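**Student:** A single structure is presented below for examination.
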Amino acid sequence: MTWRTEHPPTTEDLNSCIDCGLCLSACPTYSITGDETASPRGRIAAMRAVDRGTVALDNRFAQIVDSCLQCLACETVCPSLVPFGTLMEGARAEVAAHRPTPTTAAKRFIFGRLIASRRALMFLSWLLVIAQRLGITGVLPGRASKAKAIRTIPIPVSATAGRQWDPQGEPIGTVGFLSGCVMDHWYSEVHVAVIDLLTRAGYRVVAPKQQTCCGAIAAHEGAAQHARRMAQRNVEAFAGFDTIIVDSAGCSAHMKDYAHWTEDGADLAGRIADANQVIAKLIADGKLPTITERRGQIAIQDPCHLRHAQGITLQPRDILRAAGYEVVETDPTGTCCGAAGAYQLSHPQVSERLGRRKAAQVAATDLDRVASANPGCEMQLLSYLGNSTTVEHPIEIYRNELNRNQEST
Amino acid sequence: MIGYGLPHFPMTRASSVDDSSGVVARLIGVLGSERVHTHPLDLLVFGKDAGVTPGEAAVVVLPESTDEVAAVVRVATAAGVPVVARGAGTGLAGGAVPTSACVLVVLTRMNEIFEVDEVGRTAWVGAGLVNEALSNAVADHGLLFAPDPASQQTATIGGNVGTNAGGPHCLAEGSTIAHVLGMEVVTGDGEVMMVGGAAPDPLGYDLRGLFVGSEGTLGIVTRVLVRLVEVPPQLETMLISFVDVSDAARAVSEVIAEGVVPAALELMDGPMIEAVENFVHAGLPVGPGAVLLAEVSGHSVGVAADAALVREIAVLNGATEIRVARDEDDRALLWKGRKAAFGAIAQSAPDYYLNDTVVPRTRFVDVLDEIYAIAERYELRLLNLIHAGDGNFHPIVSYDAAEAGMTEKVIDATHEMVRAAVAAGGTLSGEHGIGIEKRDLMPEVFSADDLDAQERIRDAFDPLRLLNPGKVLPEGSRCLDRPPT
Ligand SMILES: Cc1cc2nc3c(=O)[nH]c(=O)nc-3n(C[C@H](O)[C@H](O)[C@H](O)COP(=O)(O)OP(=O)(O)OC[C@H]3O[C@@H](n4cnc5c(N)ncnc54)[C@H](O)[C@@H]3O)c2cc1C
Ligand code: SF4
Ligand code: SF4
């Protein structure tokens, strides 16, 4: 096969799969269809067939590839350590290169260009603010149209890129901070909480102006060149920092994989820390307090990009315990909630099925508060759970409890 | 239990399916177009199991009920098209791999649990139910399905029946055959038939033994009446390290000779441990030597006594370290290591060849030594994974098929290993089945007359030879087919 892009699925990675099938039942799309062509092993087999030139890269290949949620549950269970995420990103890029449809072109523009433009994002955010205030979010695509699904964006629309914050206590060092794309405006409360905690612990926090979107969505949607460009730009922007704090699971997972995207990416990848890791460590080291009052129970939901992509499961729980909560598990296998970025728009039926399954698991706990460290999951959970349920980021919860504690003392 | 219902993913059909026989059109008539795959890419994706031999079906179907399976079989056989049953495709012998342009009947969507009798400890389940899903579903009743192949998270009950699957805990509990009371089967002519049933001893011939392990050559199993067992009240799991594999093997023989039947006795050699540890990070002792994973179960007094005896024998045979699982999580981690073992071998080389021989326990140590000697003679990398309690060896040769002459060398070496086991009174396959991959070794253990007798049984159920042709019995097993000698 003549793959056309710079990052196609490699024969070596494809051969690391021995077809054992142990990943099948972990895969959400297989578990709801029982169909090998919707399984990790099946998707790898399809890529292998194209790689060997046995079949052409056609529409059917594109369907098999597109039906994947990129949740990486298959990586977690694979004893052969197959880098499935990398293979799938390669396959997506190839599909985009071979079959330029209006949708792929539009996706490339949105996730490759638009998202990297601060001005465009600010403009969109203001549009959203207005829509939210006017109560007309019903015009938004997919589940985002649900009144509660997207957090109400505070006015004025804030942005962190280009700013820096001084330590509030004894200085212990400087860290870089990824502002991200939509996170910066739409989930700014999480940014505020993380930055506040970091500065309380003594960090000086710098969000360099030159940085851009991490490129995760571009990579997932097959816009490989854009993903590469964004990675390169961030490598430069964060050159001077020993540690870069990233508070969106999808972004930290992707940046830890930068070695794959640009030559000097490995070095930056090694300096990326997910905010959950850092805050949990600061608490464990006594640099941030542990609340001893009991706050009751809270349900937890693991974002795939934390649990499966980075193996981070203990830290969010530790943070919630330090906030005074007893953590109640919802899903022992950590199956994807079906949000999966743009997936809920491209495969609404499957997304809904998984969203309902996840909502039912949460509902079974009888709790009306859920901790989830990712905006996509938050949106999905909210849109399938009743209005009485709230979903927040563990770090946000911890910081609110800390504030509440301090006010009362 | 989750029935699948929908949703389905969009599926493009190949524009130019050759359907001169009209089979595809009729199958679509039975199942609707969404559960009939004909695209070349789909046929490739479904063309392999976890073994090494690929094949290609003419059409793949995913029925959801016994009636649909029967209708599919009727459509196919009426047109003279073979039918191959497939569960999850975790088989290691190519059993579910099409050898000719067939209708591949995938049973995974038939995953219902129809009925659980907690008192009688039985359940009626769909053949496509995942093994572990059954145990999870009845866990609240304190019950489980005892056969626990290392593939249990994916493999189906129907596939377990097809191959008479075993597993680490089958040492004490027996393999699948000991846990199947009855089956609903669609025969080669599309009729639905009951085999066995709730009665402990069915009237007439007990055909269960014939169907369990028949690898889809006698009929397609659609529903299974399984026996459930009590979750053992007490368990002790130990990981015992040895400097040398033979020491571990000797310890196993002595444990069994003492009359203790542990729930499981699993042995991994040094190279195997290393691959596994890379995945599980369970703190396994990486290095030369071997580990024995031993589990005893039952009621507390007996468990403590048996565990103590196992430890004593291990120490007498040179055990260097004994790690007892502290709690359920620790136990789960040790087992995760064992169960991931097969998948983990791919880390060392892109290809592997896996054997499944069984040897009598008395010859265990000798045969093991011989297997290592063969690998050394052929200069091959060998990893060993052994259901030590019942002498079921899985010597795995890991190699790179891209190297010239390598594949032939590996096949020669593994056949020598099989012969060594057979010469010591053992047999070809302990649990994975014969399928395609071990088929041509059948004459090593059966005489021409034995094979002929087996072919006659097959003919009785499948006179047209349309059920999973080319599997289990080598070509020309019927005396009539054999050239005169
Ligand atoms: C990592 C790994 C570990 C394994 N460990 C073990 C182990 O410990 N013990 C063990 O015994 N095996 C083991 N196996 C082999 C395999 O998992 C078993 O043989 C299992 O029973 C196959 O189930 P399946 O659903 O995948 O069947 P498939 O592979 O789909 O089919 C297996 C055979 O059964 C037939 N079949 C399937 N369903 C039906 C049906 N409904 N009716 C009639 N025939 C049918 C097929 O035609 C085929 O011949 C392992 C495999 C892997 C990959
Ligand atoms: S678990 Fe890993 S090696 Fe096994 S089939 Fe899945 S991806 Fe391949
Ligand atoms: S990434 Fe998720 S959806 Fe895609 S194959 Fe892996 S487990 Fe399945």
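The values are calculated or read from the model by the stated rules, or taken from the named source; none is laboratory data. Because the structure is a prediction, the values reported are computed rather than measured. Every residue, glycine among them, receives a Cβ derived from its backbone with ideal geometry; neighbour counts consider all protein chains shown. What goes into the accessible areas is simple: the full protein's heavy atoms, side chains included, and nothing from ligands, DNA or RNA. Shrake-Rupley method; radii C 1.70, N 1.55, O 1.52, S 1.80 Å.
**Student:** For the stretch A:318-326, check the following and say yes or no: at least one residue is within 16 Å of ligand 2 (Cβ to nearest atom) and among the hydrophobic types (A, V, I, L, M, F, W, C).
**Tutor:** No: the stretch A:318-326 contains no residue that is within 16 Å of ligand 2 (Cβ to nearest atom) and among the hydrophobic types (A, V, I, L, M, F, W, C).
**Student:** Continuing with the same structure: Listed residues A:Ala106, A:Ala93; which is buried (at least 19 other Cβ atoms within 10 Å of the Cβ) and in a helix (DSSP H, G or I)?
**Tutor:** A:Ala93
**Student:** Determine whether B:Val75 is out of contact with any helix residue (DSSP H, G or I) (no Cβ under 9 Å at 6 or more places or on another chain) and in contact (Cβ under 8 Å) with a residue 24 or more places away in the chain.
**Tutor:** No; evaluated as a whole, the condition is false for this residue.
**Student:** Still on this model: Across the stretch B:56-71, what is the total count of residues that are more than 8 Å from chain A (Cβ to nearest Cβ) and within 20 Å of B:Ala155 (Cα to Cα)?
**Tutor:** 7
**Student:** Right, another one. Could you figure out which of (1) more than 16 Å from ligand 2 (Cβ to nearest atom); (2) within 11 Å of chain A (Cβ to nearest Cβ); (3) within 27 Å of B:Lys438 (Cα to Cα) isn't true of B:Val52?
**Tutor:** The single condition B:Val52 does not satisfy is (1).
**Student:** Kindly indicate the residue of the stretch A:65-106 that is β-branched (Val, Ile, Thr) and more than 14 Å from ligand 3 (Cβ to nearest atom) and also farthest from the chain's Cα centre (by Cα) among those meeting that condition.
**Tutor:** Looking at residues that are β-branched (Val, Ile, Thr) and more than 14 Å from ligand 3 (Cβ to nearest atom), I get A:Thr101.
**Student:** Can you confirm whether the stretch B:166-177 contains a residue that is farther than 30 Å from B:Thr237 by Cβ, more than 16 Å from ligand 3 (Cβ to nearest atom) and surrounded by 24 or more Cβ atoms within 10 Å (Cβ to Cβ)?
**Tutor:** Taking the stretch B:166-177 and keeping what is farther than 30 Å from B:Thr237 by Cβ, we get none.
Within the stretch B:166-177, none of the residues are farther than 30 Å from B:Thr237 by Cβ, more than 16 Å from ligand 3 (Cβ to nearest atom) and surrounded by 24 or more Cβ atoms within 10 Å (Cβ to Cβ).
**Student:** For the stretch B:194-288, list the strands (runs of 3 or more DSSP E) that sit wholly inside it and hold at least 1 residues that are among the aromatic types (Phe, Trp, Tyr); which are they?
**Tutor:** On the way: elements: B:220-227, B:234-242, B:264-269.
Hits in the stretch B:194-288: B:234-242.
**Student:** Right, here's the next one. Taking the criterion of being open to solvent by 20 Å² or more (accessible area, probe 1.4 Å), of a type in the set (D, E, K, R) and in a loop (DSSP other than H, G, I, E, B), would at least one residue in the stretch A:273-285 satisfy it?
**Tutor:** Yes, the conditions are met somewhere in the stretch A:273-285.
**Student:** Quick one: would you say B:Val358 is in contact with a strand residue (DSSP E or B) (Cβ under 7 Å, 6 or more places away or on another chain), away from chain A (no Cβ under 11 Å) and open to solvent by 10 Å² or more (accessible area, probe 1.4 Å)? Can you show your working first?
**Tutor:** Numbers: in contact with a strand residue (DSSP E or B) (Cβ under 7 Å, 6 or more places away or on another chain): yes; away from chain A (no Cβ under 11 Å): yes; open to solvent by 10 Å² or more (accessible area, probe 1.4 Å): yes.
In short, yes.
**Student:** May I pose another question? Looking at (1) away from ligand 2 (no atom under 16 Å from the Cβ); (2) more than 8 Å from chain B (Cβ to nearest Cβ); (3) within 15 Å of B:Val45 (Cα to Cα), which is the only condition A:Ser39 fails?
**Tutor:** Condition not satisfied by A:Ser39: (1).
**Student:** Checking B:Gly270 against (1) within 14 Å of chain A (Cβ to nearest Cβ); (2) without any contact (Cβ under 8 Å) to a residue 40 or more places away in the chain, only one condition comes out false. Which one?
**Tutor:** Every listed condition holds for B:Gly270 apart from (1).
**Student:** If you go through the stretch A:76-105 one residue at a time, how many are within 8 Å of ligand 2 (Cβ to nearest atom) and under 19 Å from A:Tyr343 (Cβ atoms)?
**Tutor:** Total meeting the criteria: 1.
**Student:** Step by step: first the residues of the stretch A:47-63, then only those that are assigned to a loop (DSSP other than H, G, I, E, B) and facing another protein chain (nearest Cβ under 7 Å), then the one that is least open to solvent (accessible area, probe 1.4 Å). Which residue is that?
**Tutor:** Among those residues, the one meeting the criterion is A:Val55.
**Student:** Next up: Going by the structure shown, is A:Gln297 surrounded by fewer than 24 Cβ atoms within 10 Å (Cβ to Cβ), closer than 20 Å to A:Ser25 by Cα, of a type outside the set (Val, Ile, Thr) and in contact with a Leu (Cβ under 8 Å, 6 or more places away or on another chain)?
**Tutor:** Values: surrounded by fewer than 24 Cβ atoms within 10 Å (Cβ to Cβ): yes; closer than 20 Å to A:Ser25 by Cα: no; of a type outside the set (Val, Ile, Thr): yes; in contact with a Leu (Cβ under 8 Å, 6 or more places away or on another chain): yes.
No, not satisfied.
**Student:** If you check B:Val324 against the conditions, is it out of contact with any strand residue (DSSP E or B) (no Cβ under 6 Å at 6 or more places or on another chain) and of a type outside the set (Ser, Thr, Tyr)?
**Tutor:** Working: out of contact with any strand residue (DSSP E or B) (no Cβ under 6 Å at 6 or more places or on another chain): no; of a type outside the set (Ser, Thr, Tyr): yes.
Here the answer is no, as B:Val324 does not meet what is asked.
**Student:** Continuing with the same structure: Of all residues in the stretch A:20-36, which are more than 13 Å from ligand 2 (Cβ to nearest atom) and in contact with a Cys (Cβ under 6 Å, 6 or more places away or on another chain)? Even if it seems obvious, please write down each step before you answer.
**Tutor:** Let us first name the residues in the stretch A:20-36 that are more than 13 Å from ligand 2 (Cβ to nearest atom), namely A:28-29, A:31-35.
The one that is more than 13 Å from ligand 2 (Cβ to nearest atom) and in contact with a Cys (Cβ under 6 Å, 6 or more places away or on another chain): A:Pro28.
**Student:** Right, next: Name the residues in the stretch B:21-55 that are closer than 20 Å to B:Ala155 by Cβ and outside any helix (DSSP H, G or I), would you?
**Tutor:** Of everything in the stretch B:21-55, those that are closer than 20 Å to B:Ala155 by Cβ and outside any helix (DSSP H, G or I) turn out to be B:Phe46, B:Gly47, B:Lys48, B:Asp49, B:Ala50, B:Gly51, B:Val52, B:Thr53, B:Pro54, B:Gly55.
**Student:** Same structure, new question: Identify, from the list B:Arg323, B:Arg363, the residue that is touching a Leu at 6+ places or on another chain (Cβ under 9 Å), more than 16 Å from ligand 2 (Cβ to nearest atom) and touching a residue at least 40 places away in the same chain (Cβ under 8 Å).
**Tutor:** Result: B:Arg323 is the single residue among B:Arg323, B:Arg363 that is touching a Leu at 6+ places or on another chain (Cβ under 9 Å), more than 16 Å from ligand 2 (Cβ to nearest atom) and touching a residue at least 40 places away in the same chain (Cβ under 8 Å).
**Student:** Next up: Of all residues in the stretch B:343-361, which are within 11 Å of ligand 1 (Cβ to nearest atom) and assigned to a helix (DSSP H, G or I)?
**Tutor:** B:Gly343, B:Ala344, B:Ile345, B:Ala346
**Student:** Scanning the stretch B:112-147 for residues that are part of a loop (DSSP other than H, G, I, E, B) and open to solvent by 10 Å² or more (accessible area, probe 1.4 Å), which turns out nearest to B:Val185 (Cα to Cα)?
**Tutor:** Here is the first cut: in the stretch B:112-147, the residues part of a loop (DSSP other than H, G, I, E, B) are B:112, B:118-121, B:127-129, B:142, B:145-147.
Adding the requirement that they be open to solvent by 10 Å² or more (accessible area, probe 1.4 Å) leaves B:112, B:118-121, B:142.
On the way: B:Glu112: 16, B:Glu118: 24, B:Val119: 26, B:Gly120: 23, B:Arg121: 22, B:Gly142: 29 Å.
Top of the filtered list is B:Glu112.
**Student:** Anything in the stretch A:9-20 that is part of a loop (DSSP other than H, G, I, E, B) and either farther than 29 Å from B:Val97 by Cα or of a type in the set (Val, Ile, Thr) (or both)? List them, or say none.
**Tutor:** Listed by number, the residues that qualify are A:Thr10, A:Ile18.
**Student:** Okay, next question. Scanning the stretch A:1-32 for residues that are buried (at least 24 other Cβ atoms within 10 Å of the Cβ) and more than 16 Å from ligand 1 (Cβ to nearest atom), which turns out nearest to the other protein chains (Cβ to nearest Cβ)?
**Tutor:** Top of the filtered list is A:Thr29.
**Student:** Take the residues in the stretch A:341-364 that are part of a loop (DSSP other than H, G, I, E, B) and open to solvent by less than 30 Å² (accessible area, probe 1.4 Å), then tell me which one is nearest to ligand 3 (Cβ to nearest atom).
**Tutor:** Applying the filter and picking the extreme gives A:His347.
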